[in-house]
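Peer 1: Please find one structure pasted underneath; my questions will follow.
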Amino acid sequence: MSRLTIFADTAPGTPLSTTEDAAQIQRELVPLGVRFERWDSPVELSPSDDAETILAAYRPYLDGLMGETGAGSADVVKLTPDHPQAQALREKFLNEHIHTEDEVRFFVHGAGNFIMHVDGKIYDAHCVQGDLISVPANTKHWFDAGEKPFFTALRVFTDTSGWVAHFTGEPISERFPAVV
């Protein structure tokens, strides 16, 4: 189930609030410029489906989303516990960073946490299959899918070169592990 947990950035382990209500998650994130939606998609896919199959199945949704955002490309990212670089990729995502464009993800399978650091607070958005999240450009954040990551997500980019992170060098993500 989707969940949002909010902390003061000075108080790890002491949530200010937690909700699993999608409408409440959306209300809490809108002031940050974060888009959060639950999609009721009729698309049925297997975790073993390849990227081309997934992109084709979601093409009508992607075309609409890309038209709204002005995005130029979309791809599929998968991470499973048996991926040879799973730990290295997890470590990279765990460091606080920003992007120069919105980071748009739709979870086809699995789950992961987008953790945002905004105005003295930590917003830990646990996203699951069917969740769309768009983190605005220049928002400090990190991502964690856990020690045994399992997710398939659609990524939407304006910059056709894809995912480019600009790391802040701040160790705050070490104090705020993902809420599981």
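Peer 1: I'd like the Karplus ³J(HN,Hα) series for the range 55-66: coefficients 6.51, -1.76, 1.60, θ = phi - 60°, whole numbers in Hz, and an x wherever there's a Gly or Pro.
Peer 2: Per-residue couplings from phi come out as 4, 5, 5, 9, 3, x, 5, 5, 4, x, 5, 5 Hz.
Peer 1: At a Förster radius of 30 Å, what calculated FRET efficiency corresponds to the Cβ-Cβ distance of Asp50 and Lys148, to the nearest 0.05?
Peer 2: 0.85
Peer 1: Using the Cα atoms as the points, what is the convex hull volume per residue of the range 1-65 in Å³?
Peer 2: 146 Å³
Peer 1: From the helices alone, meaning DSSP H stretches of at least four residues, give me the mean residue ellipticity at 222 nm for the chain, per-run term -39500 (n - 2.57), in deg cm²/dmol to the nearest 500.
Peer 2: After summing the helix terms and dividing by residue count, I get -6500 deg cm²/dmol.
Peer 1: Follow-up question, since we're still on this one. For Thr139, enumerate residues with amide H under 5 Å from its amide H, sequence gap 5+ or separate chain, H modeled in the peptide plane.
Peer 2: When sequence neighbours closer than 5 places are left aside, the close amide H contacts are His99.
Peer 1: Once amide H atoms are placed 1.01 Å from N in the peptide plane, what residues at a sequence separation of 5 or more from Gln129, or on another chain, have their amide H within under 5 Å of its amide H?
Peer 2: Gly110
Peer 1: Return the single residue from Ala137, Ala153, Ala56 with maximal mean-square fluctuation; model: Gaussian network over the chain, springs between Cα atoms under 10 Å.
Peer 2: Checking each option, the largest mean-square fluctuation is seen for Ala56.
Peer 1: The range 92-152 to the range 1-78: how many Å between their Cα centroids?
Peer 2: Using only Cα atoms to place each centre, the spacing works out to 9 Å.
Peer 1: Then there is this: If you plug each phi of the range 15-32 into the Karplus form 6.51 cos²θ - 1.76 cosθ + 1.60 with θ = phi - 60°, what whole-Hz ³J(HN,Hα) values come out, in order, with x for Gly and Pro?
Peer 2: Values, residue by residue: x, 7, 6, 9, 9, 10, 7, 4, 5, 5, 4, 4, 4, 5, 8, 4, x, 8 Hz.
Peer 1: Whole-Hz ³J(HN,Hα) for each residue in the range 133-142, computed from phi via Karplus 6.51 cos²θ - 1.76 cosθ + 1.60 with θ = phi - 60°, x for glycine and proline: what do you get?
Peer 2: Each residue of the range 133-142 in turn: 9, 10, 8, x, 3, 6, 8, 5, 6, 8 Hz.
Peer 1: What do you get for Rg/Rh of the chain when both radii come from the Cα atoms and Rh is the Kirkwood radius?
Peer 2: 0.94
Peer 1: Also, quick follow-up: Using DSSP to call loops (not H, G, I, E or B), can you name the GluC sites (Glu not before Pro) in the range 15-57 whose Cβ has at most 13 other Cβ atoms within 10 angstrom?
Peer 2: Answer by residue number: Glu20, Glu44.
Peer 1: Given Tyr58, Thr69, Ser2, which one lies farthest toward the positive end of the charge dipole of the chain, if we put +1 on the Cβ of every Lys and Arg and -1 on the Cβ of every Asp and Glu?
Peer 2: Among Tyr58, Thr69, Ser2, the one farthest towards the positive end of the dipole of the chain is Ser2.
Any read-out appearing in this document is the output of simple, stated calculations on the displayed coordinates, not a laboratory observation. For clarity, every value in this text was computed on a predicted model and none was experimentally measured. A quick note on method: Cβ atoms are made from the backbone with ideal geometry, for glycine too, and the neighbour counts reach across all protein chains shown.
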